[in-house]
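*Asks:* Structure in structure tokens, see below.
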Amino acid sequence: MELAQEYVADDLKKAMFLYDSALKQVSTKIEILSEEFVNVHNYNPIEHVKTRIKTSESITHKLEKQGYDTTIENMMHYLHDVAGVRIICSFEKDIYSIADMICNQDDVKVLIIKNYIANPKPNGYKSYHLVVSVPIYLSEGPVETKVEIQIRTVAMDFWASLEHKIKYKFEGNAPDRIQLDLKECADIVDMLDKKMFSLNEEIKAFAGGLPMAPSERDWKD
Ligand code: 0O2
């Protein structure tokens, strides 16, 4: 029994090592794309990038909710977002360019695409989700490892962060009025994204290229 537990601990350690390595690999890809944009195009559609590994409580909760036993095999097979990367960009149009650039890389296998921008969730949630796998080269050979990539605008991220906090606070049962207000905010976010995009297009047309204010150029992530 003790030996079995030891094996389980080793398997879990290996699984988490794979997820962590996959996160590093995808983060590096995004960092390179981002730097290429700054150096070659003098414009960066990526505002910032966040990564996270799902907590063991959250993994257990999600597996139980989906009716699966909490095993390492089920986690690796049924959960797609144990390793997660979130890319925040300026405009909706950038989301699709970034998604294409990632999906077109030879070592990236696209497993699932969920476009909650074209088809927002009923609560107003908007974001572009990709589940991809990347090969992690271990001593015994490559292991395809899944990473969920969420791509959204700054405004969509602001909404989703607040909505996530509210959902957590009310354990998924927020009062109707709050849910209605959140949906109204999602519509305002949508309007804001569209308005900021058209303003930016106007500025670009006026200046013959996107100008970068000197103060913006000085800020580093
Ligand atoms: P957390 O705390 O972020 O980890 P799947 O993962 O595809 O098997 P699921 O969960 O239906 O099944 O996939 P979906 O809808 O693509 O959601 C995955 C993640 O997207 C969620 O992970 C959230 O991070 C985010 N998300 C999805 N819907 C909403 C929403 O309505 N509001 C907010 N704020 N985030 C959302 P987790 O595990 O639910 O949460």
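*Asks:* Output the direction-averaged projected area (hull surface divided by four) of the convex hull of the alpha-carbon atoms of segment 1-120, in nm².
*Replies:* 9.2 nm²
*Asks:* Now, a different point. Can you find, among PHE197, VAL132, ILE72, the residue sitting farthest towards the positive end of the charge dipole of the chain, where Lys and Arg contribute +1 and Asp and Glu -1 at Cβ?
*Replies:* Of the listed residues, the answer is PHE197.
*Asks:* Which value, in debye to the nearest 20, describes the size of the charge dipole of the chain about its Cα centre when Lys and Arg Cβ atoms bear +1, Asp and Glu Cβ atoms bear -1, and nothing else is charged?
*Replies:* Using Cβ point charges on Lys, Arg, Asp and Glu, the chain gives about 500 debye.
*Asks:* Taking the Cα atoms only, what angle lies between the long axis of helix 154-169 and the longest principal axis of the chain, rounded to 10 degrees?
*Replies:* 40 degrees
*Asks:* Okay, next question. Any idea what log10 I(q)/I(0) is at q = 0.17, 0.20, 0.21 Å⁻¹ for segment 86-180, Debye with uniform C-alpha scatterers and no solvent?
*Replies:* The calculated log intensity ratios at q = 0.17, 0.20, 0.21 Å⁻¹ are -0.81, -0.98, -1.03.
*Asks:* Hey, another quick one. Can you give the net charge of the other residues whose Cβ lies under 12 Å from the Cβ of TYR137, counting K and R as +1 and D and E as -1?
*Replies:* -3
*Asks:* Here is a further query. Label-point separation (nm) for SER198 and GLU144, each offset 7 Å from Cα along Cα-to-Cβ?
*Replies:* Going from the SER198 label point to the GLU144 one covers 4.4 nm.
*Asks:* Where does the chain land on Rg/Rh, using Cα atoms and the Kirkwood Rh?
*Replies:* 1.02
*Asks:* Have a look at PRO175, VAL147, MET101 and report the one farthest towards the positive end of the charge dipole of the chain, computed about the Cα centre with Cβ charges (Lys/Arg +1, Asp/Glu -1).
*Replies:* It is PRO175.
*Asks:* Another question about this same structure. Out of all Cα-Cα pairs in segment 58-134, roughly what percent, to the nearest whole number, are more than 18 Å apart?
*Replies:* Value for segment 58-134: 53 percent of Cα pairs lie more than 18 Å apart.
*Asks:* For segment 143-211, compute Rg over Rh where Rg is the Cα radius of gyration and Rh is the Kirkwood radius from the inverse mean 1/r over Cα pairs.
*Replies:* Reported Rg/Rh (Cα atoms, Kirkwood Rh): 1.17.
*Asks:* Listed here are the pairs LYS146/LYS167; LYS24/LYS50; LYS24/LYS109; LYS13/LYS167; which of them are more than 19 Å apart at the Cα?
*Replies:* LYS146/LYS167; LYS13/LYS167
*Asks:* Given the convex hull of the Cα atoms of segment 137-181, what is a quarter of its surface area in nm²?
*Replies:* Projected area, direction-averaged: 5.5 nm².
*Asks:* Just to confirm a number: summing +1 for Lys and Arg and -1 for Asp and Glu over residues other than LEU192 whose beta-carbon lies under 14 angstrom from that of LEU192, what do you get?
*Replies:* Around LEU192, the charge tally is -2.
Computed from the coordinates by the stated procedures, all read-outs in this text should not be read as laboratory data. No experiment lies behind these values; they were computed from the predicted model shown. Using ideal geometry, Cβ is built from the backbone for each residue, glycine included, and neighbour counts are taken over all protein chains shown.
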